[in-house]
1. If I model region 53-123 as equal point scatterers sitting on the Cα atoms and use the Debye formula, what is log10 I(q)/I(0) at q = 0.16, 0.21 Å⁻¹?
2. For the pair ILE85 and VAL60, how long in nm is the line joining their label points, each one 7 Å along Cα→Cβ?
3. Between LYS8 and LYS123, what is the spin-label point distance in nm, taking each point 7 Å from the Cα along the Cα→C-beta axis?
4. Taking amide hydrogens as modeled 1.01 Å from N in the peptide plane, which residues meet the under 5 Å criterion relative to GLY7, leaving out close sequence neighbours?
5. Put a dot 7 Å past each Cα toward the Cβ at GLN93 and ILE140; how far apart are the dots in nm?
6. Output the relative contact order of region 53-123, whole-number percent, from Cα pairs under 8 angstrom with separation of 6+ residues.
7. To make sure I understand, if each residue's beta carbon is the centre and we count other beta carbons within 10 Å, what order do MET1, MET104 fall in, fewest to most?
Amino acid sequence: MNCEICGKEAPLFKTAIENTELAVCKECSNFGKVIEQKKLEHPKQKKPVTQSEEIIELIVQDYGEKIKRAREELNLKQEEFAQKIAEKESVIQNIESSHIKPSMELARKIEKFCHIKLIEQHKEEHKNIKLNFKDSSMTIGDLVNLKKE
């Protein structure tokens, strides 16, 4: 088993640390009072790693500039443009100055009206790691090891 504090595979000691009994290594047992030494129950098991992909939609970085350029090419003032897409003029002003990002719904409405591309699809890869612990709990050391991978 692994130390519940640092995650190191080592002989473990049942230790009372801040009114909690933990199975910790020799070094971490110094943080509390040792109750008993535990035997190593099983060797460290490999964690199967699988990868999955998720496609997410994001609004382009230069959305304000693109919208303003498209509106100007249509020879529309902000007020006219806002009326045509049923939005407030102040919303259009804030979007064009990149003070606020349009919602996906509004971005799609503007894309359709102006014939521009504001939404991009990105692939996001995820590692799915199955942890093999007897009681399915994670230690701080497990989190450190996951972050390193």
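Just so it is clear, none of the values below were taken in a lab; they were calculated from the coordinates. Please read all numbers here as calculations on a predicted model, not as lab measurements. Cβ coordinates were reconstructed from backbone atoms using ideal geometry, including for glycine residues, and neighbour counts include every protein chain displayed.
1. Log-scaled intensity ratios, in q order: -0.50, -0.83.
2. Each label point is offset 7 Å from its Cα along the Cβ direction, giving 1.3 nm.
3. About 4.1 nm, to one decimal.
4. GLY141
5. Spacing of the two 7 Å Cα→Cβ label points: 5.2 nm.
6. 51 percent
7. MET104, MET1
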